[in-house]
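See below for the structure under consideration.
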């Protein structure tokens, strides 16, 4: 695909969503479909595994899933005060779902868009297959977490307790205007940091894959392919291995910060 387009056109094409609607009601169809399919995959695998649980000598996949459960449970115990039956399932869902969405970045950048174009018969059809490179996805998840933060702040502290947090934190009763501004910034930074951190890292990783793909598509022509094609393979493999760590780390950070923020909402003294 890269050899049929200019460098800028190629990158822009891969970073453009397949959309319907206009203005505010524009929907990124590829983001919605891929996210939903990955969510459905989690539900399907969990349901199948739940029906085939073994208590004696579990198989390798069950052991792998149990290790993930233990990992998430350990992080919840370490970072969350008290007990809330929602937190561990929420953390597990976030970790696995974000990781799967990030994992789509490891699929060769031209493969799925090319298959989509073949199926639709449109050689210019857009398909952006990494949901977490869409700011709408990361913002939607972070706003959902923020809504839970607000809910538990009010539930645990009460309306007056939550209001006092804005009025008297962090500088006491003599600096109420400053406290309101500082606390508002502190609270609004939580969903923004969650969304922008994940989006920024995944978008940058996707861009690097596109730049590496351009080596084989635009530079590896004729005899030059003897040099550029092996270099592309080497760079692609190296970045893939490194990016595997990145996608896991980003899923972990999103999960841990969610646990920490919800833990702060459950702390009556915060």
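Only the coordinates and a few stated rules stand behind these numbers; no lab work does. Computed from a prediction, not measured in an experiment: that's the story for all the values here. Note that each Cβ is placed from the backbone with ideal geometry, even for glycine, and that neighbours are counted across all protein chains shown.
Using alpha-carbon positions, what is the distance between the centroids of the range 94-148 and the range 150-209, in Å?
Cα centroid of the range 94-148 versus Cα centroid of the range 150-209: 27 Å apart.
Nearest 10 degrees is fine. How inclined is helix 29-51 to the longest principal axis of the chain, computing both from alpha carbons?
Helix 29-51 and the main axis of the chain meet at about 70 degrees.
Suppose R0 equals 41 Å; then what is the FRET efficiency for residue 187 and residue 33 from their Cβ-Cβ distance, rounded to the nearest 0.05? Mind showing how you got there, number by number?
Details: r = 33 Å, r/R0 = 0.80.
Once the sixth-power term is evaluated, E becomes 0.80.
Which of the three applies to the range 2-266, rounded, prolate or oblate, going by the alpha-carbon gyration tensor with a ≥ b ≥ c and a/c under 1.5 meaning rounded? All intermediate terms of the calculation are to be shown ahead of the outcome.
Details: a/c = 2.24, a/b = 1.55, b/c = 1.44.
Judged from the Cα gyration tensor, the range 2-266 comes out prolate (a/c at least 1.5, a/b above b/c).
Can you compute the modelled spin-label distance between residue 207 and residue 248, with each label point 7 Å from Cα toward Cβ, in nm?
Distance between the two pseudo-spin positions: 2.6 nm.
Given contacts defined as C-alpha pairs under 8 Å and at least six residues apart, what's the relative contact order of the range 1-130, whole-number percent?
RCO, the range 1-130: 37 percent.
Between residue 119 and residue 86, what is 0.36 nm times their sequence separation minus the Cα-Cα distance? Round to one decimal in nm.
Values: separation 33, 0.36 × 33 = 11.88 nm, distance 4.14 nm.
Going from the current span to full extension adds 7.7 nm.
So for the pair residue 68, residue 234, with labels modelled 7 Å out along Cα→Cβ, what separation do we get in nm?
Reported label-point gap for residue 68 and residue 234 is 3.5 nm.
Output the relative contact order of the range 129-207, whole-number percent, from Cα pairs under 8 angstrom with separation of 6+ residues.
On the way: 62 pairs, mean separation 36.3, N = 79.
Once normalised by length, the contact order is 46 percent.
How would 8, 29 line up from fewest to most surrounding beta-carbon atoms within 10 angstrom?
Working: 8 8, 29 16.
Lowest count first: 8, 29.
Using helices alone, what [θ] at 222 nm do you get for the chain, with -39,500 (n - 2.57) per DSSP H run of 4 or more residues, divided over all residues and rounded to the nearest 500? Walk me through the numbers on the way to the answer.
Numbers: 8 runs with 193 residues, N = 270.
The helix contribution divided over the chain gives -25000 deg cm²/dmol.
Working from Cα positions, state the angle (0 to 90°, nearest 10) between the long axis of helix 111-120 and the longest principal axis of the chain.
Tilt of helix 111-120: around 80 degrees.
Got the relative contact order for the chain handy, in percent, Cα pairs under 8 Å and 6 or more residues apart? Show your work: numbers first, answer last.
Values: 259 pairs, mean separation 74.0, N = 270.
So the answer I get is 27 percent.
What order do you get for 70, 236, 134 when you list them from fewest to most C-beta neighbours inside 10 Å? Provide the component values of the computation, followed by the final result.
Numbers: 70 10, 236 18, 134 23.
The fewest-first ordering by Cβ neighbours comes to 70, 236, 134.
Between residue 48 and residue 169, what length comes free when the chain is fully extended (0.36 nm per residue of separation minus the Cα-Cα distance, one decimal in nm)?
Working: separation 121, 0.36 × 121 = 43.56 nm, distance 4.85 nm.
Working it through step by step, the gained length comes to 38.7 nm.
Enter the angle in degrees (range 0 to 90, nearest 10) between the Cα long axis of helix 176-214 and the first principal axis of the Cα atoms of the chain, meaning the one along which they spread out most.
Helix 176-214 sits roughly 20 degrees off the main axis of the chain.
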